[in-house]
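The values are calculated or read from the model by the stated rules, or taken from the named source; none is laboratory data. Since we're looking at a predicted model, the values are computed, not measured. Cβ atoms come from the backbone with ideal geometry, glycine included; neighbour counts cover every protein chain shown.
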Ligand SMILES: Cc1cc2nc3c(=O)[nH]c(=O)nc-3n(C[C@H](O)[C@H](O)[C@H](O)COP(=O)(O)OP(=O)(O)OC[C@H]3O[C@@H](n4cnc5c(N)ncnc54)[C@H](O)[C@@H]3O)c2cc1C
């Protein structure tokens, strides 16, 4: 390829001058990993990877790319499931991997400040070491980044009680595609000056600006956490129990469903917890607080409700090791499903919580109709289910796509959303219209154009028809 065919290659000298030669990658082998994420949407190697260390460097390289019309795609840990970090039009991948410092943790203010490339789990551990708590806990926390979480407004099991990333972001530093460096938000819990641009930027999927610093609020670390596994004979009873627990006024910090197919996969893959014979579904329930007796009472209440809904057994984790095993078993479901079928599409629809049993039934009916195995697991307590369509051969893909479109339509018809946490990205851009009106999509296109008049930042995503 020549610089004429790939305009990014004509910028190498200038890019090297901005970030240093060692931080401009062009060797094809080193580019390959930056062209993939966890969406299974294929490989889109960029022309160049640039690894800046400061907002000023990012500003200079965005101005340069803007002048030459070269697309720039922000990239972090590439654990995204909607293809958000894939450089679909080639050009420059802007990796924030060197921007990985925890800048401060202020106990007295319950505030922390980080660079975007900090791994979420590392931030959690650092704040816990001083008695504080950063609740958003995507199952990918061991490797995803706070910047990626901000871009996708990531959630996790604890969203049920504590909310999602947006609820913890107080302020941002970002670089606009035009090169301006701005700060949004505040360091206080309250603050209503101007439009809430921080809220707009959280979940903007790397399309409005490059986030270079994040200020989060923190909470005091709960002193007690107790976890139970409720075993059910079938998925229907387990999903009904989710609604029953919430309707009873109990608010666990997590209530996660593992369905019959996920249990079968866990058995085949020898997950840490060995599900007993006869168990056809399970709920992981977790409560927290400062008093052991209060937590035990609340978990007991969850157990009673589950028993009333037909649970076979309720097992309490007796120590940290058992707790870890339960969560490991839950977190590995996504990967373990591949031990049943090598390929899968993982959807993350969300519905109003009372409709979880209906959603599970609809997903199963779609699977039966199209002759595909489907699995439902995940954050049932907050209405966000990972509905997975499993398959064995590429040739089955049209049928899989049909199943996916049907299940998204079913979720929207129940008052839900096509994506609860993974984002639209490349994966669902043609499906956004299932949920949003043409007028609303047009307004968002205008917002994008306002932030990014030349359309260089993460193009080809979110909106129908984008290439
Ligand atoms: C096993 C597994 C489990 C998962 N579990 C969950 C879960 O429970 N909940 C959940 O919400 N997600 C989950 N995910 C999805 C994924 O981990 C999240 O979407 C995560 O937030 C992505 O972070 P990342 O650092 O990998 O970002 P990337 O995938 O690298 O990028 C994601 C998006 O963010 C943009 N971006 C990255 N950095 C910046 C920046 N500094 N400024 C502007 N834009 C930026 C990119 O352009 C892209 O659009 C899971 C993924 C896997 C593989």
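A few comments on the model shown:
- Hey, residue 204 within 20 Å of residue 75 (Cα to Cα), assigned to a loop (DSSP other than H, G, I, E, B) and modelled with pLDDT under 95 or not: no
- Filter pass, residue 342 being within 23 Å of the chain's Cα centre (by Cα), in contact (Cβ under 8 Å) with a residue 12 or more places away in the chain and over 27 Å from residue 41 (Cβ atoms): no
- Residue within segment 264-275 that is free of Cβ contacts under 8 Å to residues at least 12 places away in the same chain, over 23 Å from the mean Cα position of the chain (by Cα), more than 16 Å from the ligand (Cβ to nearest atom) and assigned to a loop (DSSP other than H, G, I, E, B) present: yes
- With respect to the conditions (1) in a helix (DSSP H, G or I); (2) under 16 Å from residue 212 (Cα atoms); (3) more than 12 Å from the ligand (Cβ to nearest atom), residue 104 falls short on a single one, namely (1).
- Residues that are within 6 Å of the ligand (Cβ to nearest atom) and under 18 Å from residue 287 (Cα atoms) were ranked within segment 124-147; the one that is farthest from the chain's Cα centre (by Cα) is 139.
- Evaluation of residue 199 against the conditions (1) part of a helix (DSSP H, G or I); (2) surrounded by 20 or more Cβ atoms within 10 Å (Cβ to Cβ) shows that the sole unmet condition is (2).
- Hits in segment 14-40 (condition: in contact (Cβ under 8 Å) with a residue 40 or more places away in the chain and within 23 Å of residue 118 (Cβ to Cβ)): 18, 19, 23, 33, 34, 36, 37, 38, 39
- Residue check, residue 347 touching a strand residue (DSSP E or B) at 6+ places or on another chain (Cβ under 6 Å) and either surrounded by fewer than 18 Cβ atoms within 10 Å (Cβ to Cβ) or not in a loop (DSSP other than H, G, I, E, B) (or both): yes
- When 150, 92, 118, 164 are checked against the criterion of being buried (at least 21 other Cβ atoms within 10 Å of the Cβ), under 20 Å from the mean Cα position of the chain (by Cα) and farther than 30 Å from residue 353 by Cα, a single residue qualifies: 118.
- The set of residues in segment 57-101 that are in a helix (DSSP H, G or I), without any contact (Cβ under 8 Å) to a residue 60 or more places away in the chain and within 14 Å of the ligand (Cβ to nearest atom) comprises 57, 61.
- Some residue of segment 431-439 being within 16 Å of the ligand (Cβ to nearest atom), in contact with a helix residue (DSSP H, G or I) (Cβ under 9 Å, 6 or more places away or on another chain) and modelled with pLDDT under 95: no
- Among the conditions (1) under 31 Å from the mean Cα position of the chain (by Cα); (2) in contact (Cβ under 8 Å) with a residue 12 or more places away in the chain, residue 43 misses just one, which is (2).
- Residue in segment 107-123 that is part of a helix (DSSP H, G or I), over 22 Å from residue 189 (Cβ atoms) and either within 15 Å of the ligand (Cβ to nearest atom) or modelled with pLDDT of 95 or more (or both) present: yes
- Note on segment 155-169: among residues that are assigned to a helix (DSSP H, G or I) and under 12 Å from residue 379 (Cα atoms), the one that is nearest to the ligand (Cβ to nearest atom) is 159.
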